[in-house]
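The values are calculated or read from the model by the stated rules, or taken from the named source; none is laboratory data. All figures in this text were calculated on a predicted structure; none of them were measured in a lab. Using ideal geometry, Cβ is built from the backbone for each residue, glycine included, and neighbour counts are taken over all protein chains shown. Surface areas here come from the heavy atoms of the whole protein model, side chains and all, with no ligands, DNA or RNA. Shrake-Rupley method; radii C 1.70, N 1.55, O 1.52, S 1.80 Å.
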Amino acid sequence: MYKSRICHTCIHPQYLLTKNKLCFAAFCIPETMVSNGSTIPQHAHAAISMEVPLKTSASPPEYIAPRLACGSKKHAVINLFSRVVILASAVGGIILLITSKQTKLITIAPGLAISKVAKFSHSDAHRYLLAALCTAALYSIITGLISVLALMKPGGISSRLKFQFVILDSLLLGIMAAATGASGGVSYIGYKGNSHSRWNKICNMYNSYCMHVGTSIFLSFISSITFLLLVWINVYALSKKIARR
């Protein structure tokens, strides 16, 4: 049996390209056998193979893409559901606030009574709450449609759209929180009164009116909390994308 030695002369280099690796083999024979013209036995070659990894721009493993797509779809579904909650609570608050009207006969003297009407338009804070609820309802319809279109795409909601959602949701959060706080403060005075300022409570007489306004404020509070959750969710999704890079 011929024993292979260190090659001095290499002939017939053959190059093979495999998946992500460049392989080449040099079939070598001793220099003495080449010089005297001897016949080269078939088993007398030493094969040297080297594998060099190649830098390629190949796509990531196939199992990563479905995971990313699944996460984007889940985020789009949560986004859409949150906007439906905002729409429902805003519309409910609008209806309750508009219908908050009650008429009572107030006795001012024995045998003398006057008719007094309580409605939301008598307070600037309640009018501001109505404007904020209408804005939130319209905004949730527009962004909800955008979320539905994003669900139809394979990639879900893009990073640019998430960033825009964060800015606009933060703006609406500030509007809703301010309107809820202002209207809630006025309603609390109407419910409890203020003896120091000599503001009498009215909810003991206009109970139906106060119930409508109070429920509308509660629904606007739900809208504010949902906007806050939307901001957190979109910021979290953006941070995960940045971390992957």
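The table below gives the values:
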read-out	value
Arg198 of a type in the set (D, E, K, R) and farther than 29 Å from Arg83 by Cα	yes
Qualifying position, being in contact with a Leu (Cβ under 9 Å, 6 or more places away or on another chain), of a type in the set (Gly, Ala, Ser) and under 11 Å from Ala90 (Cβ atoms), among Ala113, Ala132, Ala150	Ala132
Matching option when the condition is farther than 30 Å from Ile242 by Cβ, part of a strand (DSSP E or B) and among the hydroxyl-bearing types (Ser, Thr, Tyr), among Thr103, Thr135	Thr103
Filter pass, Val117 being in a helix (DSSP H, G or I) and at pLDDT below 95	no
Number of positions in the stretch 97-114 that are of a type in the set (Ser, Thr, Tyr) and modelled with pLDDT under 90	2
Residue in the stretch 75-89 that is at pLDDT below 85 and open to solvent by less than 40 Å² (accessible area, probe 1.4 Å) present	yes
Residue list for the stretch 72-92, restricted to those being basic (Lys, Arg) and more than 15 Å from Asp169 (Cα to Cα)	Lys73, Lys74
Candidate set: the stretch 106-133, residues that are more than 48 Å from the chain's Cα centre (by Cα) and small (Gly, Ala, Ser); chosen: the one farthest from Phe218 (Cα to Cα)	Gly111
Qualifying residue in the stretch 158-181 (condition: part of a loop (DSSP other than H, G, I, E, B), touching a helix residue (DSSP H, G or I) at 6+ places or on another chain (Cβ under 8 Å) and either open to solvent by 30 Å² or more (accessible area, probe 1.4 Å) or not polar (S, T, N, Q) (or both))	yes
Test: residue in the stretch 158-168 that is farther than 19 Å from Asn79 by Cα, basic (Lys, Arg) and under 26 Å from the mean Cα position of the chain (by Cα)	no
Residues of the stretch 213-243 satisfying the condition of being under 15 Å from Ile95 (Cβ atoms) and open to solvent by less than 50 Å² (accessible area, probe 1.4 Å)	Val213, Gly214, Ser216, Ile217, Leu219, Ser220, Ser223
